[in-house]
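Have a look at the structure below, then the notes.
The values are calculated or read from the model by the stated rules, or taken from the named source; none is laboratory data. These figures come from a predicted structure and were not determined experimentally. Positions of Cβ are generated from backbone atoms using ideal geometry, with glycine treated the same way; all protein chains shown enter the neighbour counts.
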């Protein structure tokens with residue numbers, strides 16, 4: 001009888017531990033859809049026009065999120081006037097998002113059906129009109145009808161980067177092929193992709209030391 005009771009207790013503890021691990025693995029969603037209004041299909045203008053019209057407002061070092069793969073030599077969105085107050089822009093050029101806490105801004109395939117929704121595990125979340133919740137970092141749906149699907153990212157750059165276009169030489173004018181990537185903070189990436197590989201400093205130092213021998 002004593003062994004039976006002990007076995008039942010151990011089984012109960014095991015069930016509780018398994019439940020705790022499962023619960024901890026569930027995404028922690030904070031829904032705050034009213035925190036930021038979503039900007040839908042705003043009117044567009046040309047850089048040269050805006051430079052003249054808003055000469056006193058636009059500064060040379062104004063940060064922008066830009067893209068280069070559509071008509072009119074692509075486009076640009078000023079952080080100060082658009083991305084900072086709205087965070088999600090659902091437009092015919094693309095869906096553009098900005099998460100200052102996680103340290104990234106990026107674009108996805110065009111749609112007018114997304115709105116700001118809140119955050120999950122520290123990363124920003126947007127909601128499609130069909131109810132599906134998408135991570136703004138990865139573009140992956142993690143809840144509701146289309147769970148597991150991923151939005152198509154579009155190549156975007158900030159003023160901290162360059163577009164990869166050859167400026168001189170035999171390949172002048174050509175552009176390097178884009179690899180889907182994003183610059184963000186460690187906590188957001190590790191929460192979204194806990195199993196991705198990471199460059200190990202110790203391993204790198206070891207290879208350097210071996211090469212110097």
query = Under the condition of being surrounded by fewer than 18 Cβ atoms within 10 Å (Cβ to Cβ) and not in a loop (DSSP other than H, G, I, E, B), which residue from segment 118-141 is modelled with the lowest pLDDT?
reply = 140
ask   = Given (1) touching a strand residue (DSSP E or B) at 6+ places or on another chain (Cβ under 8 Å); (2) modelled with pLDDT under 70; (3) over 27 Å from residue 79 (Cβ atoms), where does residue 149 come up short, assuming only one miss?
value = (2)
ask   = Restricting segment 184-197 to residues that are assigned to a loop (DSSP other than H, G, I, E, B) and surrounded by 10 or more Cβ atoms within 10 Å (Cβ to Cβ), which is modelled with the highest pLDDT?
value = 185
task = Assess whether residue 42 counts as being surrounded by 10 or more Cβ atoms within 10 Å (Cβ to Cβ), at pLDDT 75 or above and not in a helix (DSSP H, G or I).
result = yes
remark   = For segment 152-161 the number of residues that are at pLDDT 90 or above and buried (at least 20 other Cβ atoms within 10 Å of the Cβ) is 0
query = How do the pairs read when you match residues in segment 184-197 that are over 23 Å from residue 157 (Cβ atoms) with residues anywhere that are modelled with pLDDT under 75, using Cβ under 9 Å and keeping only pairs 6 or more apart or on different chains?
reply = 190/196; 190/198; 191/27
task = Filter segment 50-74 down to the residues that are modelled with pLDDT of 80 or more and within 23 Å of the chain's Cα centre (by Cα), then identify the one that is farthest from residue 156 (Cα to Cα).
result = 62
